[in-house]
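Asks: Quick one: the structure is below, and I'll ask about it shortly.
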Amino acid sequence: MDATIRDATPEDASAVRRVARKSWHAAYDDILGVETVDSVVDDWYDAEGLARSVRRDDGRFLVAESSPDAGIVGFAQAVLGDGGANAATDGSTAAELPRIYVHPDRWAEGVGSALLDRIESWCREEGAGRLRLLVLADNEVGNAFYEARGYRTVGSRESEFEGQTVTDYVREKEL
């Protein structure tokens, strides 16, 4: 892997959105459709919302940056749980991984693993006993990645995207 991992800044918003759009289309077009993917990315990755995510006191937002020409090629965000529904049995809290995406041209190069390693380390340092995430059940690439990284399926739930109902797996890993 030839990328550097660093904390995201609000100025990274357009590059993060570009990577999100490419990776969402690669992963979800066959599941959700092109128009739905565009709508979700437009909604979930607007510059103002990303700036708020980067500034959260209870989270960490990282980007993977390649050579100056390639720029940002991946990103990941973790948020610490509130201790309520996310309380682990050992009294620690769970953290959530709401986003981790890598540009599809860089899949299988270790960028996602490097981002996830840093996120998991940060979560442990912050006292989280486990990391939890959602992944579409039909997202074969995502599920294979999480399976290889030790995340087990602990449940499922239904989600709606632009009127389409899909199944998400709830995956979790003890840290």
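Asks: Within segment 5-55, track down each residue that is more than 24 Å from ALA137 (Cβ to Cβ), polar (S, T, N, Q) and part of a helix (DSSP H, G or I).
Replies: Once the filter is applied, which keeps residues that are more than 24 Å from ALA137 (Cβ to Cβ), polar (S, T, N, Q) and part of a helix (DSSP H, G or I), segment 5-55 yields SER14, SER53.
Asks: Only one of (1) free of Cβ contacts under 8 Å to residues at least 60 places away in the same chain; (2) buried (at least 17 other Cβ atoms within 10 Å of the Cβ) fails for TYR28. Which number is that?
Replies: (1)
Asks: Sort through ARG132, ARG124, ARG157 and tell me the only one that's touching a Leu at 6+ places or on another chain (Cβ under 8 Å), under 21 Å from ALA20 (Cβ atoms) and basic (Lys, Arg). Spell out how you get there, then give the answer.
Replies: Values: ARG124 fails: under 21 Å from ALA20 (Cβ atoms); ARG157 fails: under 21 Å from ALA20 (Cβ atoms).
From the options ARG132, ARG124, ARG157, the qualifying one is ARG132.
Asks: Taking segment 48-65, which residues are in contact (Cβ under 8 Å) with a residue 24 or more places away in the chain and surrounded by 13 or more Cβ atoms within 10 Å (Cβ to Cβ)?
Replies: If the condition is that a residue be in contact (Cβ under 8 Å) with a residue 24 or more places away in the chain and surrounded by 13 or more Cβ atoms within 10 Å (Cβ to Cβ), then LEU50, ALA51, SER53, VAL54, ARG60, PHE61, LEU62, VAL63, ALA64, GLU65 are the ones that fit.
Asks: Given GLY129, GLY155, which one is more than 16 Å from the chain's Cα centre (by Cα), surrounded by 18 or more Cβ atoms within 10 Å (Cβ to Cβ) and not in a loop (DSSP other than H, G, I, E, B)? Lay out the reasoning, then the answer.
Replies: Numbers: GLY155 fails: surrounded by 18 or more Cβ atoms within 10 Å (Cβ to Cβ).
Unique residue meeting the criteria: GLY129.
Asks: Given the conditions (1) farther than 28 Å from VAL34 by Cβ; (2) among the hydroxyl-bearing types (Ser, Thr, Tyr); (3) loosely packed, with under 15 Cβ neighbours inside 10 Å, which single one is not true for THR93?
Replies: The one condition THR93 does not meet is (3).
Asks: Determine the pairs where a residue that is within 21 Å of ALA94 (Cβ to Cβ), located within segment 147-175, has a partner that is among the basic types (Lys, Arg) and surrounded by fewer than 16 Cβ atoms within 10 Å (Cβ to Cβ) with Cβ atoms under 6 Å apart, the partner being 6 or more residues away or on another chain.
Replies: ASP168/ARG157; LEU175/ARG124
Asks: Shifting gears a bit: Which of the residues that make up segment 105-125 are surrounded by 16 or more Cβ atoms within 10 Å (Cβ to Cβ), under 13 Å from ALA78 (Cβ atoms) and of a type in the set (Asp, Glu)?
Replies: GLU120, the sole residue that qualifies.
Asks: OK, next. Counting only residues that are surrounded by fewer than 18 Cβ atoms within 10 Å (Cβ to Cβ), touching a strand residue (DSSP E or B) at 6+ places or on another chain (Cβ under 6 Å) and modelled with pLDDT of 80 or more, how many does segment 66-90 have?
Replies: 0
Asks: When residues of segment 56-72 are filtered for being in a loop (DSSP other than H, G, I, E, B) and out of contact with any helix residue (DSSP H, G or I) (no Cβ under 6 Å at 6 or more places or on another chain), how many remain? Lay out the reasoning, then the answer.
Replies: The initial filter retains those residues of segment 56-72 that are in a loop (DSSP other than H, G, I, E, B), namely 56-58, 66-71.
Now drop any that are not out of contact with any helix residue (DSSP H, G or I) (no Cβ under 6 Å at 6 or more places or on another chain), which leaves 56-58, 66-70.
The total comes to 8.
Asks: Looking at GLU125, GLU140, which is the one that is of a type in the set (Asp, Glu), modelled with pLDDT under 95, out of contact with any strand residue (DSSP E or B) (no Cβ under 9 Å at 6 or more places or on another chain) and closer than 26 Å to ARG56 by Cβ?
Replies: Numbers: GLU140 fails: closer than 26 Å to ARG56 by Cβ.
Exactly one residue qualifies, and that residue is GLU125.
The values are calculated or read from the model by the stated rules, or taken from the named source; none is laboratory data. In this text, all values refer to a predicted model and were calculated from it rather than measured experimentally. Don't worry about glycine lacking a Cβ; one is built from the backbone with ideal geometry, like all the others, and counts go over all protein chains shown.
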